[in-house]
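A quick write-up on the structure given underneath.
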Amino acid sequence: ETHSISIVHNGTLENHGELKNELIDEGHIFYSKTDSEVIVHLIEKYMDKNMDLEHALRKTTQHLEGSYAIAAISKNEPGKIVATKNDSPLNVAQGDEGYFVTSDVPGTIEYARNVIRLKDDEIAILDESGIAIHDETGKDKDLKFTYIDWDLKMTQVKPFKHFMIKEIHEQPRAINDTLKQKTQS
């Protein structure tokens, strides 16, 4: 059975080669050389043992070494996104247009300004009923949003090609602002 699992993964799995070999020995067939595909196969392995997506992702992360931020979906649980992290940024955002998972706040600030920064090993579950955050034991956590009141101009990349170039050009102003704050303290 296929669960048609898709993920978004940011980070590096230090033990992906070892995990991939174990999965190949178990009969899994790989179609790429990416460490991300290992995550998909591990989730599928646990969903084949009748785990839901959240528990399969939690079980998967017990095998992962390295830094990662992962968001996963499965056709078996339509309308649901589960996400977790370790040593990599991951945020859940809520806005009038819906719910978002992002590694970088500027990516969603136009749509959602209420943000929760996940802690390592927490799992976020987003579906039509809202957002839930579970701690490493699976217990519900209270949702504590931070309102992002940044000026939208701060998050725009134009006229620069990408954010890194923009940040380089903003360094003199940022240093000046920092020095002004220090002298006012």
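Quick notes on this structure:
- Residue 161 meets the stated requirement of being at pLDDT below 70 and either in contact with a His (Cβ under 7 Å, 6 or more places away or on another chain) or in a loop (DSSP other than H, G, I, E, B) (or both).
- Exactly one residue among 74, 88, 67 is buried (at least 20 other Cβ atoms within 10 Å of the Cβ), among the small types (Gly, Ala, Ser) and within 26 Å of residue 36 (Cα to Cα), and that residue is 74.
- Segment 71-94, subset of a type in the set (Gly, Ala, Ser) and either touching a Pro at 6+ places or on another chain (Cβ under 9 Å) or in contact (Cβ under 8 Å) with a residue 60 or more places away in the chain (or both), residue farthest from residue 12 (Cα to Cα): 74
- Checking 110, 97, 18 one by one, the residue that is of a type outside the set (Val, Ile, Thr), farther than 20 Å from residue 121 by Cβ and either in contact (Cβ under 8 Å) with a residue 24 or more places away in the chain or open to solvent by less than 20 Å² (accessible area, probe 1.4 Å) (or both) is 110 and no other.
- Any hit, segment 62-85, residues being assigned to a strand (DSSP E or B) and touching a Phe, Trp or Tyr at 6+ places or on another chain (Cβ under 7 Å): yes
- Some residue of segment 139-148 being of a type outside the set (Gly, Ala, Ser), modelled with pLDDT of 90 or more, outside any loop (DSSP other than H, G, I, E, B) and open to solvent by less than 50 Å² (accessible area, probe 1.4 Å): no
- Every residue from segment 21-39 that is of a type in the set (D, E, K, R), over 16 Å from residue 5 (Cβ atoms) and in a helix (DSSP H, G or I): 22, 25
The values are calculated or read from the model by the stated rules, or taken from the named source; none is laboratory data. In this text, all values refer to a predicted model and were calculated from it rather than measured experimentally. When we count neighbours, we look across all protein chains shown, and the Cβ atoms used for this are built from the backbone with ideal geometry, even at glycine. Accessible surface is based on the protein model in full, side chains and every heavy atom, while ligands, DNA and RNA are left aside. Shrake-Rupley method; radii C 1.70, N 1.55, O 1.52, S 1.80 Å.
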